[in-house]
Amino acid sequence: MKVLKISPSLMCADLLDLKTCLDTFTEEGIDYLHIDVMDGHYVPNIGLSADLCRTITSYTDIPLDVHLMVENVDQLIPQFAGFADATVSFHPEVSRHPLRSIQLIHSFGARAGIALDPSLSIEGIRYLLQEADTVCVMTVNPGYSGQELIPGMIEKIEEVSSCCEKMGYTVEVEVDGNVSWKNLPKMLKAGANVFVAGTSSIFMRGTNIRENIRRFKSLLYGNNVKGV
Ligand code: DX5
Ligand code: ZN
């Protein structure tokens, strides 16, 4: 049985109140901090930086779950893979040698992840799964928060999860994009075990983050959760 984990997406957080947010995450036992890094080329947006990660890791020990949406993957990996217990995921279609990029991430002691664009099938990454530690199924087009789930992505989570099981790979299956109160149970049933929480759950505008974390946990674990 895979451990279920929550990875709130900090690009959706109120950066003016980040300290309070991080304190709440520590108190509520959050597993990862999802860090979206964007270069304005791979995606038409600019994301979070290594400097911000340095500030965050000087304040909390919650491991970083770095999502590189960049074209120059191998150039950016050294800036993020050195953070303690970090996971660094990249989009393989922009890496010249994806297996070498995985090995580069591992050489810094970090966990390596493959982020799968909605348009790409698992076929293209099958031989990377034996080296990867996590596969991130993008359920929206990469680049922005607040988008709607792309139809067909729940089936894709099932396909990725069952393929990993069949091959005997112990990779984590992460979902990223519109992990809402409605979509979460379907994603869990489809075989995901790491959930990027953004604007449609933990960071839903005008709601309480701590209550949302507890609601998220009760959807994952039912009501036998500490603090619910
Ligand atoms: C989008 C990012 C996501 C995003 C999720 O490219 O990779 O992590 O922040 O935001 P929501 O949950 O609002 O879709
Ligand atoms: Zn992301």
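Taken together, the values in this text are just the output of simple stated rules run on the coordinates, not laboratory data. The model shown is predicted, which means the values in this text are computed figures rather than measured ones. Here the Cβ is made from the backbone with ideal geometry for all residues, glycine too, and neighbour counts use every protein chain on show.
Sparsely packed loop sites in region 55-153 (the trypsin sites (Lys or Arg not before Pro) outside DSSP H, G, I, E and B with at most 13 other Cβ atoms within 10 Å) comprise R96. Using the Cβ-Cβ distance between A84 and W181 with R0 = 25 Å, the FRET efficiency computed as 1/(1 + (r/R0)^6) comes to roughly 0.20. For the chain, the dipole from Cβ point charges (+1 on Lys and Arg, -1 on Asp and Glu) about the Cα centre works out to 560 debye, to the nearest 20. Across region 33-40, computed HN-Hα scalar couplings (Karplus, 6.51 cos²θ - 1.76 cosθ + 1.60, θ = phi - 60°) run 10, 7, 10, 8, 10, 10, 10, x Hz from first to last residue, x flagging Gly and Pro. Mean sequence separation of contacting Cα pairs (under 8 Å, at least six apart), scaled by the length of the chain, corresponds to a relative contact order of 18 percent. Okay, which of region 102-134 sit inside 17 Å, backbone N to the point 7 Å along the Cα-Cβ direction of T170? Taking a point 7 Å out along Cα→Cβ of T170, the residues of region 102-134 whose backbone N falls under 17 Å are 110-113, 129-134. Straight distance only, please: which lysines reach the Cα of K166 with their own Cα at less than 27 Å, same-chain residues fewer than 8 apart left out? Cα-Cα hits under 27 Å: K2, K5, K156, K186, K189. Label point of R214 set 7 angstrom out along Cα-Cβ; within region 12-41, amide nitrogens under 16 Å from it belong to 24-30. In the calculated pair-distance distribution of the chain, the portion above 23 angstrom amounts to 43 percent of the Cα-Cα pairs.
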